[in-house]
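Asks: Okay, handing you the structure first.
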Amino acid sequence: IDGVDEEAVKSAMAEGIRAATKVPGVKYISAGNFGGSLRPFKLELKDVLADYL
């Protein structure tokens, strides 16, 4: 997810997670980090859940 800042990305992640939980058959949600090669920071899925859900 690309965004203008870290908070925008976290918010978008939370919205995506909310939407995915409403899809029948979804069993789990995970996130990859690609060794940090895509961004200079790493967002923990558990932190996004704690802050936004």
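Asks: Which one of these does ILE29 not meet: (1) over 11 Å from the mean Cα position of the chain (by Cα); (2) among the hydrophobic types (A, V, I, L, M, F, W, C); (3) not in a helix (DSSP H, G or I)?
Replies: Of everything listed in (1) over 11 Å from the mean Cα position of the chain (by Cα); (2) among the hydrophobic types (A, V, I, L, M, F, W, C); (3) not in a helix (DSSP H, G or I), ILE29 misses just condition (1).
Asks: Quick one: in region 15-26, which of the residues that are over 8 Å from the mean Cα position of the chain (by Cα) and assigned to a helix (DSSP H, G or I) is nearest to ASP2 (Cα to Cα)?
Replies: Among those residues, the one meeting the criterion is GLU15.
Asks: Is it the case that GLY36 is over 11 Å from the mean Cα position of the chain (by Cα) and modelled with pLDDT of 80 or more?
Replies: No.
Asks: Only one of (1) part of a helix (DSSP H, G or I); (2) more than 11 Å from the chain's Cα centre (by Cα); (3) of a type in the set (Gly, Ala, Ser) fails for ALA12. Which number is that?
Replies: Going through (1) part of a helix (DSSP H, G or I); (2) more than 11 Å from the chain's Cα centre (by Cα); (3) of a type in the set (Gly, Ala, Ser) one by one, ALA12 breaks only (2).
Condition check ((1) exposed (fewer than 12 other Cβ atoms within 10 Å of the Cβ); (2) on the phi < 0 side of the Ramachandran plot) across all residues:
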residue	(1), (2)
GLY3	no, yes
SER11	no, yes
VAL23	yes, yes
VAL26	yes, yes
ALA31	no, yes
GLY35	yes, no
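The values are calculated or read from the model by the stated rules, or taken from the named source; none is laboratory data. Computed from a prediction, not measured in an experiment: that's the story for all the values here. Neighbour counts are summed over all protein chains in view; Cβ atoms, including those assigned to glycine, are modelled from backbone coordinates with ideal geometry.
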